[in-house]
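Worksheet for the structure shown next.
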Amino acid sequence: QVRLVESGGGLVQPGGSLRLSCSASGIVFSYYGMGWYRQAPGKQDELVANITRTGDTTYGGTVKGRFTISRDNAKNTLFLQMNSLKPEDTALYYCDAHFGPLHYWGQGTQVTVSS
């Protein structure tokens, strides 16, 4: 059974930082590309960042330079370091594991940026 469990969300003031984690089980983590998506009320889901199995990274235009995606294959964990947070970063953040036609998603963790 595949499980992706996100953690680390919460309420933070503008300009603050958060570090999200996604713990994976039931897959050979190192084989999978991993990504972070977010879903804001009234908006389409947005790809935040992606990291391949070899460690290559890509970022959505709105977070480039502020967010950093990384992975620890030994701990089957994906991370998203979020700095200089803005109110428009408020969303449900969820992780994705993909390998060929296979995709798995977690339930998400809420990030709210507000003063």
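Structure summary
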{"read-out": "Members of segment 62-78 that are assigned to a loop (DSSP other than H, G, I, E, B) and open to solvent by less than 70 Å² (accessible area, probe 1.4 Å)", "value": "63, 66, 76"}
{"read-out": "Scope segment 1-33; condition of a type in the set (A, V, I, L, M) and under 15 Å from residue 109 (Cβ atoms); matching residues", "value": "4, 5, 11, 12, 18, 20, 24"}
{"read-out": "Segment 81-115, residues that are part of a loop (DSSP other than H, G, I, E, B) and of a type outside the set (Val, Ile, Thr)", "value": "83, 84, 85, 86, 100, 101, 106, 107, 108, 114, 115"}
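The values are calculated or read from the model by the stated rules, or taken from the named source; none is laboratory data. As the structure is a prediction and not an experimental result, all values here were calculated from the model. Glycine also receives a Cβ, built like all others from the backbone with ideal geometry; neighbour counts cover every protein chain displayed. For accessibility, only protein heavy atoms count, side chains too; no ligands or nucleic acids. Shrake-Rupley method; radii C 1.70, N 1.55, O 1.52, S 1.80 Å.
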